[in-house]
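Here's the structure, in structure tokens; my notes come after.
The values are calculated or read from the model by the stated rules, or taken from the named source; none is laboratory data. All of these numbers come straight from a predicted model, not from anything done at the bench. Virtual Cβ from ideal backbone geometry, glycine too; neighbours counted across all protein chains shown. Note: areas computed on protein heavy atoms with side chains; ligands, DNA, RNA excluded. Shrake-Rupley method; radii C 1.70, N 1.55, O 1.52, S 1.80 Å.
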Amino acid sequence: MSLNSIKRQVEQDYLRYKTAHSIVATEKDNLKLVQKKLKNTEQARLAAQSIVEQIQQNIHRQIGGVVTHCLHMVFGKVYSFKILFVRKRNRTEAKLVLISHGSEVMEPLKEDSGGVCEVAAFELRVACLILHKPPLRKLLVMDEPFKSVHSKKYRRRVKKMIIELSKRFKIQFIIVTGS
């Protein structure tokens, strides 16, 4: 091998080195930019998550509070209502939970013989009406929403609850009953 060919080879290798060095420097700068964007994205995600958690707490306080209050009005402090927010398949789902004597009622429709689910469902309708944006006309027309509430004591309490809700939220109820 001649000295000129070695010199050309060294010059080619040096050019490849300079090109590679330049590419590495550019990629380091790109990596810094991507890392900064990632950091900003993570901060934005954490801020959004915090806002979502506050909204969820507010929803639970508004809806869960109204439903629990009405369950207490009709059945005493035996029942309460909670909304649990659970992450499933990268989505947040609301789980509606009926609590009796401090424990979750696993199958409320099977265990309910006194209309507890009907009272809770009624209150969820009221909450949806109250919280709807834009506001809807505050009128609920229902056909026998409390047909499983058989006890006269509970029926009187249901009547009192409906009157209180009507006054408190300025809702007009039209309810068809079988009795």
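Brief remarks on what is shown
- Scanning segment 159-172 for residues that are within 15 Å of Met73 (Cβ to Cβ) and either open to solvent by 80 Å² or more (accessible area, probe 1.4 Å) or not charged (D, E, K, R) (or both) gives Lys159, Lys160, Met161, Ile162, Ile163, Leu165, Ser166, Lys167, Arg168, Phe169.
- Selection count where residues are within 23 Å of Ala48 (Cα to Cα), open to solvent by less than 70 Å² (accessible area, probe 1.4 Å) and of a type outside the set (A, V, I, L, M, F, W, C), scope segment 80-113: 2
- Taking segment 124-179 as the range and being outside any helix (DSSP H, G or I), farther than 30 Å from Lys110 by Cβ and aliphatic (A, V, I, L, M) as the test, the residues that pass are Leu136, Leu139, Ile171, Ile174.
- Every residue from segment 92-123 that is aliphatic (A, V, I, L, M), more than 19 Å from Arg61 (Cα to Cα) and in a helix (DSSP H, G or I): Leu109, Val116
- Qualifying residue in segment 10-21 (condition: open to solvent by 100 Å² or more (accessible area, probe 1.4 Å) and under 30 Å from Pro108 (Cα atoms)): no
- Some residue of segment 30-42 being within 30 Å of Arg156 (Cβ to Cβ) and open to solvent by less than 100 Å² (accessible area, probe 1.4 Å): no
- Here Lys77 fits the description: modelled with pLDDT of 90 or more, part of a helix (DSSP H, G or I) and surrounded by fewer than 10 Cβ atoms within 10 Å (Cβ to Cβ).
- Gln43 vs. criteria over 30 Å from Val176 (Cα atoms) and modelled with pLDDT of 90 or more: yes
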